[in-house]
1. Over the chain, what is the percentage of antiparallel beta bridges among all DSSP beta bridges, to the nearest 5?
2. In whole percent, and with a 1.4 Å probe on the protein chains, what portion of the accessible area of the chain is carbon and sulfur?
3. Given a 10 angstrom Cα cut-off, can you work out which residue in 115, 221, 95 is the most mobile in a GNM of the chain?
4. Take 197, 100, 68 and sort them by solvent-accessible surface of the protein heavy atoms, 1.4 Å probe, largest at the top.
5. Given the -39500 (n - 2.57) contribution per DSSP H run of 4+ residues, what per-residue ellipticity at 222 nm results for the chain, rounded to the nearest 500 deg cm²/dmol?
6. Between 0 and 90 degrees, rounded to the nearest ten: what's the tilt of helix 38-63 against the longest Cα principal axis of the chain?
7. Beta carbons within 10 angstrom, averaged per residue: use that to sort the peptides 23-29, 135-141, 61-67, highest first.
8. Could you order peptides 238-247, 180-189 by the average number of other Cβ atoms within 10 Å of their residues, highest first?
Amino acid sequence: MSLPLGFSDHPAGLLRVGPGFTLAGHSTNASPGFSGKKADGAAALAARAPVLSQLQEQLFAESRFGGKKSILLVLQAMDTAGKGGIVGHVVGSVDPQGIKLTAFKAPTAEEKAHDFLWRIRPAVPGPGMFGVFDRSHYEDVLIHRVHGWADEAELDRRYAAINGFEAELAAAGTTVVKVMLNLGRDEQLDRLSARLKDPTKYWKYSPTDLDERAFWPDYMDAYQKVFERTSTPNAPWYVVPADKKWYARLAVQEILIETLGSLNLQWPAGDFDVAHERARLKDA
């Protein structure tokens, strides 16, 4: 696939977690592969939106004629990193009838009574669907590690269960794309402060955001462990610098375009005689 607009290297290759990856060694304020500024990024995002939209429509159309493919975007990040912006500005550019968005909150009492993947499985996208997890099953190895709610043996079991679950998805036709929006600690403080200065953003603020911020180094260690244990060929992780919202959106858009493009999606030929139907139209 040719390089996307404005990029000297494809972000999918630059941002994919590989052997020896260290989260601490990656800048949160960089724009890997892209030499332009904010306005250039916004222009590129708008220019590439129709490409993503067409690929999503092809995915959906294939399923109407027996296609089994689907895609699942998993978004994980510290608070204020911009998951909502990815949903609104990237995923929001495609036809909503083909989207299945699930925002996972703290588990209910019923959900806690089951294994951690119990509430995840019903949210998996069916054939033709573009699924999005705003937070996900990874909360059950991130926050549980940080706060000591699960011991090392249980965490090991969960990593293995996640890998098995995602392998099942791949075997069934679901391509899993996992994105960690890598936000800087100083940038998060600025964003939290901005929410408290603007009454229209109070609803976005939660005191628990500040509580969890106190565990920042522990969360970074927990993410590092997640990448080491669960970035697989079936379900790779991409770590996207998130201090520049415009770059994060553009990078995720391009990762999705490349991923969908690799599925060799085709417009269905239809299950009717095209020439006959054209002739019928003349008499309609």
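The values are calculated or read from the model by the stated rules, or taken from the named source; none is laboratory data. Keep in mind that this is a model prediction, so the values were computed, not measured. Counting neighbours? That spans all protein chains shown, and the Cβs are built from the backbone with ideal geometry, glycine included. These area figures cover heavy atoms from the full protein model, side chains too; ligands, DNA and RNA do not enter into them. Shrake-Rupley method; radii C 1.70, N 1.55, O 1.52, S 1.80 Å.
1. The antiparallel proportion sits near 10 percent.
2. Ligands and nucleic acids excluded, carbon and sulfur reach 54 percent.
3. Top of the fluctuation ranking is 115.
4. Ranking 197, 100, 68 by accessible area, largest first, yields 197, 68, 100.
5. -14500 deg cm²/dmol
6. For helix 38-63, the angle is close to 60 degrees.
7. Most protected by this proxy first, the peptides run 135-141, 61-67, 23-29.
8. Packing proxy ranking, top to bottom: 238-247, 180-189.
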